[in-house]
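Here is the structure we will look at, set down as structure tokens.
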Amino acid sequence: ATGVAVSSEHLQAMALTPAYSTEVLAFVVEDARREEFRTWTSIKEIDDLIIGVPDAFYATTDINSAIPNATVWKVASPRLFFNPEKRTFNALLFGATGGTAWSMINPGYTVVVPEPNQLRIPLSLPIVPNDPEFELFMRNWILLKEKEGTLDVLFNYWIKGEKLSKKKKRWNLMDNVFFTKNE
């Protein structure tokens, strides 16, 4: 399941679990425009900057205060950005991990996290409203998975592409003495 950004607007509109992860916001841009988006200072210097922000992140960002000269449009889907015939904005503000996936399936685009300050947004799962038992279950389940390290393992595997490490089997009398194969 994918999450939604935790914001006051989303909290009013739906029931959410506690945050299970934090997403770094980034700009998805055409490869040729990468350098323009390296720093917040250089972004502020772009004339006629129109930024598309998908609904999942729109309510959480006050991008107009960070970049006062930009026009910010709420967009229904990131797909609009990757269709040059329908695109009416020149940068997409998106989560860095999700943006990376979009850039992998759309060659010619790249993800840039402006420096020096990273914008971070907590992610949560929408859940059925008015079900306190399920909400308590999800709250405790997320807490358990955080403490076990499961969320980190899954993130490293699915997002970073790291291989799962196999645990070495511990030595024990039955396997190592009684059932040892004679080779």
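The values are calculated or read from the model by the stated rules, or taken from the named source; none is laboratory data. These numbers come from a predicted model, not from an experiment. Neighbour counts are summed over all protein chains in view; Cβ atoms, including those assigned to glycine, are modelled from backbone coordinates with ideal geometry. Just so you know, the surface numbers come from the protein's heavy atoms only, side chains and all, with ligands and any DNA or RNA stripped out. Shrake-Rupley method; radii C 1.70, N 1.55, O 1.52, S 1.80 Å.
Worth pointing out:
- Count of the stretch 100-143 residues, restricted to those that are closer than 11 Å to Ala26 by Cβ, modelled with pLDDT of 90 or more and hydrophobic (A, V, I, L, M, F, W, C), is 4.
- Selection within the stretch 49-60 - surrounded by fewer than 15 Cβ atoms within 10 Å (Cβ to Cβ) and touching a residue at least 40 places away in the same chain (Cβ under 8 Å): Ile50
- Restricting attention to the stretch 152-162, the residues that are assigned to a loop (DSSP other than H, G, I, E, B) and either in contact (Cβ under 8 Å) with a residue 12 or more places away in the chain or of a type in the set (Val, Ile, Thr) (or both) add up to 1.
- Among the residues examined, Leu119 does not qualify as of a type outside the set (Val, Ile, Thr), in contact with an Asp or Glu (Cβ under 7 Å, 6 or more places away or on another chain) and under 21 Å from Val4 (Cβ atoms).
- Matching entry among Asn90, Asn69, Asn130, Asn117 (being open to solvent by 80 Å² or more (accessible area, probe 1.4 Å), within 19 Å of Phe37 (Cα to Cα) and not charged (D, E, K, R)): Asn117
- Flag for Thr41 being open to solvent by 50 Å² or more (accessible area, probe 1.4 Å) and in a helix (DSSP H, G or I): yes
- Single residue of the stretch 4-20 satisfying the filter (part of a helix (DSSP H, G or I) and out of contact with any strand residue (DSSP E or B) (no Cβ under 7 Å at 6 or more places or on another chain)) that is most open to solvent (accessible area, probe 1.4 Å): Gln12
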